[in-house]
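Quick note: the coordinates plus some simple rules give every number you see, no bench work behind them. Since the structure is predicted, the reported quantities are computational estimates derived from the model, not experimental observations. Every residue, glycine among them, receives a Cβ derived from its backbone with ideal geometry; neighbour counts consider all protein chains shown.
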Amino acid sequence: MKIILRQDMDVLGLEGDIVAVADGYARNYLIPKGIALEANKENIKLTEMQRKKIEVRRLKAKEDAEKVKEKIAEMVITISQKAGEEEKLYGSVTSMDIATQLEKEGVAIDRRKIILDKPIKALGDFDVPIKLYPEVIGSIRVVVVPEE
């Protein structure tokens with residue numbers, strides 16, 4: 001089934017894009033939640049008329065993402081965790097911990113945008129990538145220190 005996205009989705013595309021998805025996914029999730037519209041002639045015409053507004057929003061979102069990227073590039077986040085011998089952590093540092101620490105610093109970033117292949121389980125310095133917008137990927141330095 002072809003649909004028109006009404007908002008950006010990392011896995012599917014950007015607002016205004018026409019994409020093909022499974023019928024059930026469209027009918028049971030995307031359309032009822034207001035994330036997408038069925039791609040019929042009327043909706044395609046409506047989207048074409050709104051294309052300029054959509055482009056302006058995309059540019060603004062990209063500019064905002066660039067500003068946040070510059071801001072977080074200079075930041076260093078320090079997270080203290082309980083650690084055992086050989087500098088191994090008893091727990092781990094997850095994207096949720098990083099997002100919480102970023103929020104304390106005044107930068108609100110969704111934890112799902114923090115790209116962490118696996119949780120951090122050792123002490124040290126780590127560069128963690130953050131996908132702020134589809135073409136904008138920033139990086140933040142995370143320092144994990146032992147809890148006193």
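Hey, what angle do you get for helix 95-104 against the long axis of the chain, alpha-carbon based, 0 to 90 degrees rounded to 10?
So the inclination is approximately 90 degrees.
If you line up the Cα atoms of segment 2-49 on their principal axes, what length do they span on each, largest first, in Å?
26, 20, 17
In nm, what is the difference between 0.36 nm times the number of residues separating Glu87 and Met75 and their Cα-Cα distance?
Result for the pair: 2.0 nm of gain on full extension.
Considering only Val107, Ala83, Leu5, whose Cα is most displaced toward the positive end of the charge dipole of the chain, charges sitting on Cβ of Lys, Arg (+1) and Asp, Glu (-1)?
Leu5
List the pair-distance distribution P(r) of segment 36-148, using every Cα-Cα distance, as the percent of pairs falling in each 10 Å bin from 0 up to the bin containing the longest distance, rounded to whole percents.
13, 35, 23, 15, 9, 4, 1
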